[in-house]
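The structure appears below as structure tokens.
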Amino acid sequence: MSLKWVDVLDIAIELSEKFPEQDPMTISFPDLYQKVMELDEFDDDPDRCGEKILEGIQMAWIEEMD
């Protein structure tokens with residue numbers, strides 16, 4: 001399975017598993033971007049990401065933590 005930027009929920013799940021110590025409510029967008037790029041399953045063009053995508057990932061990650 002490879003993850004693309006549009007796979008917001010799946011990315012959030014992977015982030016919660018790989019970085020359980022990270023509080024998604026306090027992460028900056030540059031740090032969030034870097035963590036997504038570090039996911040083994042992630043395979044998409046780094047330039048296709050924007051603030052709205054990162055915001056969606058962050059919100060999904062917060063939901064995943066609840």
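List of remarks:
- Theoretical gain in end-to-end length, residue 22 to residue 44 [0.36 nm per residue, Cα-Cα removed]: 5.6 nm
- Using a Gaussian network model of the chain in which every pair of alpha carbons under 10 angstrom is joined by a spring, one finds that among 54, 39, 15 the greatest mean-square fluctuation is at 39.
- Among the GluC sites (Glu not before Pro) within segment 21-63, those in coil by DSSP and having at most 15 neighbouring Cβ atoms inside 10 Å are 21, 41.
- Rounded to the nearest 20, the size of the Cβ-charge dipole of the chain about its Cα centre is 180 debye, with Lys and Arg at +1 and Asp and Glu at -1.
- For the chain, a Kirkwood hydrodynamic radius built from all Cα pairs, placed in the Stokes-Einstein relation at 25 °C and 0.890 mPa s, yields a translational diffusion coefficient of 213 µm²/s.
- Given charges at Cβ of Lys, Arg, Asp, Glu: the chain dipole, positive-most of 9, 54, 36: 54
- Residue-normalised accessible area of the chain, expressed per residue, 1.4 Å probe, Å²: 63 Å²
- Whole-percent carbon and sulfur share, accessible surface of the chain, 1.4 Å: 48 percent
- Extension gain for the segment residue 29 to residue 4, taken as residue separation times 0.36 nm less the Cα-Cα distance, is 7.3 nm to one decimal.
The values are calculated or read from the model by the stated rules, or taken from the named source; none is laboratory data. Worth saying up front: this structure is predicted, and the values here are computed from it rather than measured. Here Cβ is always computed from backbone atoms with ideal geometry, including for glycine, and neighbour counts include all displayed protein chains. Keep in mind that these areas ignore ligands, DNA and RNA; they rest on the heavy atoms of the full protein, side chains included. Shrake-Rupley method; radii C 1.70, N 1.55, O 1.52, S 1.80 Å.
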